[in-house]
Amino acid sequence: MSYTKLNRSAATLTKNRTEGSVSPFSGMCVTCVDGCIGMCEIGKSAYRGHEVLYPQPFGLITSASEKDYPVDLSHFTILGTAVGAHGVKADPDHATFPAVNLETKIGRDKGLKLKVPFVVPGMGSTNVAKNSWPELGAGVALSGGILTVGENVCAMDNESEIKDGRVLRSPDMEMRINSFKNWYDGYGTVVVQANVEDTRLGVQEYAMEKLGVDVVELKWGQGAKDIGGEVKLKSLEKAQRLYKTGYIVLPNPTDPDVIKAFEKGAFKEFERHSRLGMVEWESFEARVKELRDRGAKYIFLK
Ligand code: SF4
C-alpha cells in the first residue's frame, strides 16, 4: 500500500486521465493511451522538463504534501484534565483562563523576552511572503514572537542598491524590518537569515549597521525545499541582474541564443537557484565571531 499520491497533484497542476483507475505502484492511468496530451507528472515532464518539479502557480501559493502518514495525532485520544495550578496561586479566582502566561526568555543570557514561544521561520523573497509582510510583521510583534526574514530578499528587490558585490540599500528589507519594529513593545525580535549568496552580498552586515538588527541566523543546508532556493523570473533584465550578482540562473540569460529564444517566446521564465550552505565547523565559528564583532547579540542556527 502506497502512502503517497504518485504522478499527479494539484501542486504541480497535474492529474490522471482515468482518475478512478490508477496504478498504485506508478501512479499512471491503468491505460496510458497513445495521443493523451500528458496531464500527469510523467506526461507533463516529457514536454515541460524539470518545471514539473516545482509547485505551481509560482508566487501565489504555499504548498503541502499529500502523503497519508500511517500514524498521526488523530490516532490518539488525549483526555486532558486540569487539576491544581502551576505558576499561579492555586485559587479558583486566580487560576483562570485569562491568567495563563506563556512568557519566556531565551538566548545565552536570557535577554530575549517572548510573550509566546513561537518562531515564524525564514520566509524570503517570494511574492507570497512579501505581499503579506506588513500584516505578518505587525502580527508577530504584537504577539511577542520571533519573526525571521528569510533568504534572497535584498538581491531580489528591484529597488536595491548593490555596489561592488555588497548591498548598500534594499527598500524591501527595510519594509520587512520596520513592519516588525513599528509595532515592537519590548517582546520578541526580528531576525535576518542569510544563505550563501546573502552572506557574499553582506546582507546581515547591512541589516545590522543600517537597520538596527541585532539578531541574525545562519543556515546549514536546506530545510523545506530540498532542491534549494528556487524562484521563477519573468523578465530578462532581472534574470541578467541576478546572474551578474552571482546567482545560478538557468538558462544562462547572457547567452545571445538564449536571449533570442526568450524574446521570441520559446520560454517565458528563467529559474534562479541559490547555493547550499555546507556544514563546516571552522567556517561557522569564524562567521559567528565576525557577526559578533559587527554587533550581533544573538546568532541563530537553522
Ligand atoms: S500520459 Fe498516460 S498516465 Fe499520464 S495522464 Fe495521459 S494516459 Fe494517464
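Per residue, segment 1-67 exposes 68 Å² of solvent-accessible protein surface, assessed with a 1.4 angstrom probe and all protein chains in place. Could you look at segment 17-163 and say what percent of its accessible area is carbon and sulfur, using a 1.4 Å probe and all protein chains? Carbon plus sulfur share of accessible area: 58 percent.
Placing a pseudo-label 7 Å from each Cα along the Cα-to-Cβ vector at R108 and E66 gives an inter-label distance of 4.8 nm. Pairs exceeding 31 Å between alpha-carbon atoms, taken from K44/K163; K181/K219; K210/K232; K15/K260: K44/K163; K15/K260.
Any aspartates and glutamates with Cα under 12 Å of the K297 Cα? List them, leaving off those in the same chain fewer than 8 positions away. Answer for K297, where 12 Å is the Cα cut-off: D109, D214, E217, listed by chain and number. Heavy-atom accessible surface of segment 240-296, averaged per residue, reaches 64 Å², computed with a 1.4 Å probe.
Springs join every pair of Cα atoms under 10 Å in this Gaussian network model of the chain, and among D91, D172, D198 the largest mean-square fluctuation is at D91. With the cut-off at 1.5 for a/c, could you classify the chain from its C-alpha gyration tensor as rounded, prolate or oblate? Since a/c reaches 1.5 but b/c is at least a/b, the shape of the chain is classed as oblate.
Using unit Cβ charges (K, R positive; D, E negative) and no other charged atoms, how large, in debye to the nearest 20, is the dipole of segment 194-302 about its Cα centre?
Details: 20 positive and 19 negative charges, 68 e Å.
It comes to approximately 320 debye.
Looking at the chain alone, DSSP beta bridges between its own residues are antiparallel in about 50 percent of cases. For the options I42, I162, I248, a Gaussian network treatment of the chain with springs between C-alpha atoms closer than 10 Å singles out I42 as fluctuating the most. Of all DSSP bridge pairs formed entirely within segment 55-174, close to 65 percent run antiparallel.
Tell me the net charge near G59. Cut-off is 10 Å between Cβ atoms, G59 excluded, with +1 for each Lys or Arg and -1 for each Asp or Glu.
+3
For segment 19-50 and segment 127-177, what is the centre-to-centre distance using only Cα atoms, to the nearest Å? Rounded to whole Å, the Cα centres lie 40 Å apart.
When the Cα gyration tensor is reduced to axis lengths a ≥ b ≥ c, the ratio a/c is 1.5 or higher for segment 1-54, and with a/b not above b/c it is classed as oblate.
Using helices alone, I'd like the mean residue ellipticity at 222 nm for the chain: each DSSP H run of four-plus residues gives -39500 (n - 2.57), total over residue count, nearest 500. List each step's numbers first, then the result.
On the way: 10 runs with 84 residues, N = 302.
Helix-only estimate at 222 nm: -7500 deg cm²/dmol.
Using R0 = 22 Å, the C-beta based FRET efficiency linking E263 and N127 works out to 0.35.
Note on the chain: GNM, Cα springs under 10 Å; of L291, L13, L102, the largest mean-square fluctuation is that of L102.
The values are calculated or read from the model by the stated rules, or taken from the named source; none is laboratory data. Since the structure is predicted, the reported quantities are computational estimates derived from the model, not experimental observations. No Cβ is skipped: glycine too gets one built from the backbone with ideal geometry, and neighbour counts run over all protein chains shown. Heavy atoms of the whole protein, side chains included, go into the accessibility calculation; ligands, DNA and RNA do not. Shrake-Rupley method; radii C 1.70, N 1.55, O 1.52, S 1.80 Å.
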